[in-house]
1. Shielding by partners for A:78-90, please: the mean number of other protein chain Cβ atoms within 10 Å of each residue's Cβ.
2. Tilt of helix B:157-175 relative to the longest C-alpha principal axis of chain B, in degrees (0 to 90, nearest 10)?
3. When DSSP beta bridges are limited to those with both residues in segment A:98-181, what percentage is antiparallel, rounded to the nearest 5?
4. What average count of beta carbons from other chains do you get within 10 Å of the Cβ of residues in A:16-24?
5. Other chains' Cβ within 10 Å of B:78-85 residues: what's the mean?
6. Below 8 Å between Cα atoms, with a sequence gap of 6+, how large is the relative contact order for chain A in percent?
7. Less than 13 Å Cβ to Cβ from A:S43, Lys/Arg counted +1 and Asp/Glu -1: what total charge do the surrounding residues give?
8. Classify the protein assembly as shown: rounded, prolate or oblate, from the alpha-carbon gyration tensor (a ≥ b ≥ c, eigenvalue square roots; a/c under 1.5 rounded; otherwise prolate if a/b is larger than b/c)?
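Every read-out reported here was derived from the displayed coordinates using simple, explicitly stated rules and does not represent laboratory data. Quick caveat, the model's predicted, so the values are computed rather than measured. No Cβ is skipped: glycine too gets one built from the backbone with ideal geometry, and neighbour counts run over all protein chains shown.
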Amino acid sequence: MNGRDRVADRRLLRRELRAARTGPAVVVAAALLVAALAAVAGSFWIADASGASAIRNGATIVRTAWGESSWRAAAAVAAGIVGIALIVLAFTPGRRRRHGRAADRVGLVVDDGLLADAAARAVAERCMLPAAQVSATVTARRVQVRIRPTSGVLVDPAGASDAAQRALERLGFEVRPVVTVATTGVVG
Amino acid sequence: MTSSSRILNRAVLLVAGLLALAGGLLAARPFLPEGFVTTWWRPVQRAIADALSAVSSWQLPWGASDGARIAAASAGLVIAVAMIAFLTTRRRRRTRTMLAFADGTGTTSVDETIADAVLTDPLRRRGDVLSSRIKGYRIRGRTALHLSVVPRSGADLSALLAETERAVAGWDALSGTRAPVVVHFADRAGFDRLRSPTRAW
C-alpha cells in the first residue's frame, strides 16, 4: 500500500466516523431551488397582466405583514433560530456514536453500544456478577462502567477497570475506563 | 460511505445560515437599539439603492424589458442550475461491480454476489452473527468495500474481527488486488435488540 492509498483509507475511515450533513444540506438546497425557480417563473409571469396583478397582490400582503410588529418579530425569531441551527450544523463535527481505527489491512469501525457491551461483559465476568448488575457507557473520550454489587460481596474497582480496559484493547481501542461502584447493593 | 464532497454540504449550510441570520436581522431592525442599527443600516440601504439603480438600466437587445426582471430571472437561473448540480451529486455512488479486469480480448467483471460469497458467507455461518452484508462504492476511481456486521449480544468481537480479516485476506488472494475495506461492527437496531444471544440450529 503506497502513501496515497494510506491517506485515502484514513479519509475513508474518518468519513465513517463523522456525519456527512447531507440530509440538512439537501433540504436547504431543495428550498433554495424552489425559491430560485419561483423567482424565474415570477419574472416571466409578471409580463402578463394577470400575473402582474397577482404578484402585486402578493407583495401588498407581504408588505402589510411586514408592517405589523408581531409578524415581523415572529419572522425575525424564526429566521434567527433557523440561521443559528444551520451555522451550528455547518461547524460542529457531527460525531457518530462510533469508534474507529486503521487495522493492518482493514479500517475498523465499532458502534459505541457494542464497545460498552464488551466492557460491561468483561467486568461482569471478572467480578462474578450477573450481567444485569453491570452497565457501561462509551462516549468519544470516556468509558464509564457502573457496578451494582451484591450485598456483602466486595468488588475490586481496579480489577474491574483492568478487565474493561483489556476487553477494549483486544479490539485495538486504548481507553482507560472509569469504574464506579454503587454504595448500595442488591440482595444476591 | 460517499464520494460526494462533504465540505460543499457544510458550505451550503453556512451560506443558508448566514442568509437566514441576515434576514432575521433585517426583520428585527425596528426592535433593535438605534445606536446599533445606524452603523450598518445606512450603508445597506445605500447598497440596495445602488444595486436597484444599476439593474434598472439593463435592457434586452431584442426588446424592452425591466432590468429588475432580468436580474431576478438570471440570478434565479444561476442558483437553480447550481442547486440541481449540487443535489444530483449528493447520492452515494454504489456499484455492483467489485472488480473489472481488461485485456486485449475484453473485460471481465466480478459481481457483488462473488464478494458476498467470499466475505460475508463465512461470517453469516457463525452463531454469534445476526447479519452481515457487503456493499461497494466508487471513490476516487477505486472500488471501496463496506462490510457491515451485526453481532449477537455477547459476541466475541476480537474473534469476529480475526474471522473478518481472514475473509478479507481470502478476497485479496482471489482478486489479486487490495481494495480499501471498512469493517463496521454495527449495534443491533429495532427488532434485532429483542433477538436471543444464541442461535437455535
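1. Mean inter-chain Cβ contacts per residue within 10 Å come to 6.
2. 90 degrees
3. Restricted to segment A:98-181, the bridges split so that about 70 percent are antiparallel.
4. For this peptide, the per-residue mean of nearby foreign Cβ atoms is 4.
5. Values: counts 2, 8, 9, 2, 4, 11, 4, 1.
Whole-number average of other-chain Cβ neighbours for B:78-85 is 5.
6. 18 percent
7. -1
8. Numbers: a/c = 3.24, a/b = 1.70, b/c = 1.91.
Oblate, because a/c is 1.5 or more while a/b does not exceed b/c.
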